[in-house]
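Reviewing the structure listed below.
The values are calculated or read from the model by the stated rules, or taken from the named source; none is laboratory data. As the structure is a prediction and not an experimental result, all values here were calculated from the model. Cβ placement follows ideal geometry from the backbone for every residue including glycine, while neighbour counts extend to all protein chains displayed. Just so you know, the surface numbers come from the protein's heavy atoms only, side chains and all, with ligands and any DNA or RNA stripped out. Shrake-Rupley method; radii C 1.70, N 1.55, O 1.52, S 1.80 Å.
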Amino acid sequence: MKKIINLLAFCTLLVGCTNQYESNNIENNQMESNENKDVHSYADFSRANTTHIFLDLVADFDKKTLSGMAAHTIKNNKATEIIFDTKDLNITKVVTNDKGGEVEFTIGKEDEFKGSALTVAITPNTTRVEIYYSTNPSSEAVQWLSPQQTADKTHPFLFTQGEAILTRSWIPNQDSPGNKITYSAKIKVPDSLTAVMSANTISAKNGVFEFEMKQPIPSYLIALAIGKLDYKSLGDRSGVYAEPSMMKACYEEFEELEAMIDAAEKLYGPYAWEQYDVIVLPPSFPFGGMENPRLTFATPTIIAGDKSLTSLIAHELAHSWSGNLATNATWDDFWLNEGFTVYFERRIAEALYGRDYSEMLALLGFQDLTHTLADLPAEDTRLKLDLEGRSPDDGMSDIAYEKGYFMLRMIEEKVGREKFDSFLKTYFEYFKFKNLTTEEFLVYINEELPATQNMNLKDWIYKPGLPENCPVIISDKFTKVDEVRESKKFVQTPAVTKDWTTHEWLHFIRGIDTSWKLVDYTSADELFDFTNSTNSEIAAAWFEKSIRASYQPAYEALEAFLIKVGRRKFLTPLYRAMIETNKKSMAKNIYQKARPNYHFVSTNTMDALLEINQ
Ligand code: BES
Ligand code: ZN
């Protein structure tokens, strides 16, 4: 095979590499080496690993539990035990096919991040392990919402969030991206509710929904949502799920979805998952979007009414290649998922809306990166991380996204777009339904694009900060925005600003500095009405500046925003701005009202930020 050529020569170029290809059984969708072991999972795939999970669960909205069984089909390498990851689950019994009845199991000591190992006694003949269990209302992956917390306010709602290591809090499983599995499921829900998953719905009757995911995926992509949902098709292979009252707005916002899929395929090859739907969730969803296969989960805060925030959908769609086909082998390699996806997302945006538009996105990204580089300890600014003993969440910063993007863009600029595109296409094809480490990426790119050997990729990957060969982005559009902002003569500017896009407005607000006095805030707000913006990105950027400047007219809208929206990307800068400007009691006051509405992902971060012990 081509991939093994010159392996030794390449390995000497790498930091800490020891023959990654041989030790890493990528042909079997799974890592086998202990050296590459995922430090966030108890599982040992080399002895026994899951190849398929069948879930049979009942959703009880009164008790806030999912209960039933997870049946694992396993590949058994003459093992006498198999280890699963669990967190906060009630395991009642385990049955194996060869015993035909209950077998012994133990649940290990709980680690604050990893949860507990579930060790099941098996024999070399075991091929199926059934785990009977129920979740607790406190399951970290699952958020149970009351009708009041939804758009329609008529029915309860549930959604799960698996990435990075939360799937184990609703399914006992080998919860590592280093092992890919197929899955099927049977989910019973209360009357009048619909269940959807990151899989094909194969039947729906009498409140029982059956699903099948035929392509191998990592466990963090297993996802479930239940609610009063409508569906509307947007094209041959795309559509949107939303609560009835949200449907019209969602449908209009995502009008270009099919065109996005076409653009993505034209860039990097066929879409591998047949269908691409988006579900718009209630506002407590802690992320902007989550790339669950066949069904992106999305925050309603991207429904701006003018399609201006749909590059987020381009991002989640791009994950259908980067992340969902070619997957990071461990959370230390997270940049492989997100850096490639940001690059891909901006190429889709460029194809659809032009270069000026995608360059504005890139420059906003560079601003985020600059702030992150200033905020994080140096060791967390390397692309390849070392998260042993820490939460994978610690690695989920703009470093993976934006430093990753800028490294790939640097390569593109140096080798030329044509060569780089053909490299990426081959990369996705080669690692399709597999996973890879950063070291495997380096071996691969050194071989496929030898010119990259002189581009300091190792500095980008293993050293903190930003290497000198980082591309510089200039946006004429943003230069004009700077001029308007600096002139402070807003009354004369509507003729100039009337054609501004959301991204120009964001640049305008982000650039506000301490030279702005309260009168400047007042006059800008009177003219542009930022405080009441229905565009969540603009509102959030304005609120942050308002907090720092103590511009009180924005506080009421700020509080309403924080109580309604649970998207962590907005919450962190807003609560942090309050803390940093002596408004901690204001922050705590709002948080007390808002916290019941947030998902674990967000409360976990905000509790730490506000030093609250729950
Ligand atoms: N996969 C991520 C979300 C994620 C990351 C969940 C880490 C859990 C752990 C998703 O693709 C993402 O990056 N979402 C971004 C939007 C994007 C446009 C940068 C978000 O939620 O803001
Ligand atoms: Zn992403």
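For segment 45-86, which strands (runs of 3 or more DSSP E) that fit wholly inside it have 2 or more residues that are among the polar types (S, T, N, Q)?
Details: elements: 48-60, 65-76, 81-86.
By residue number, 48-60, 65-76.
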Open item on the list: Checking the structure you have, find out if any residue of segment 254-269 is surrounded by fewer than 24 Cβ atoms within 10 Å (Cβ to Cβ), more than 22 Å from residue 325 (Cβ to Cβ) and of a type outside the set (A, V, I, L, M, F, W, C).
Closed with: yes
Task: Residue list for segment 498-521, filter: of a type in the set (Ser, Thr, Tyr) and open to solvent by 80 Å² or more (accessible area, probe 1.4 Å) - done: 514
Task: Of all residues making up segment 117-129, the number that are open to solvent by 30 Å² or more (accessible area, probe 1.4 Å) and within 19 Å of residue 56 (Cβ to Cβ) - done: 2
- [ ] Give the number of residues within segment 408-429 that are out of contact with any Pro (no Cβ under 7 Å at 6 or more places or on another chain), away from ligand 2 (no atom under 16 Å from the Cβ) and closer than 18 Å to residue 461 by Cα.
- [x] 3
Open item on the list: Restricting to segment 327-357, count the residues that are within 15 Å of residue 408 (Cα to Cα) and of a type in the set (Gly, Ala, Ser).
Closed with: 1
Task: Pairs with Cβ under 7 Å, 6+ apart, first in segment 313-333 and in contact (Cβ under 8 Å) with a residue 40 or more places away in the chain and closer than 19 Å to residue 426 by Cβ, second β-branched (Val, Ile, Thr) and within 11 Å of ligand 2 (Cβ to nearest atom) - done: 318/341; 322/341
TODO: Working only within segment 317-336, note down all residues that are under 13 Å from the mean Cα position of the chain (by Cα) and surrounded by fewer than 24 Cβ atoms within 10 Å (Cβ to Cβ).
DONE: none
Open item on the list: If I go through segment 82-116 residue by residue, how many of them are among the small types (Gly, Ala, Ser) and buried (at least 17 other Cβ atoms within 10 Å of the Cβ)?
Closed with: 2
Open item on the list: Among the residues of segment 313-326, are any under 30 Å from residue 413 (Cβ atoms), more than 11 Å from ligand 1 (Cβ to nearest atom) and acidic (Asp, Glu)?
Closed with: no
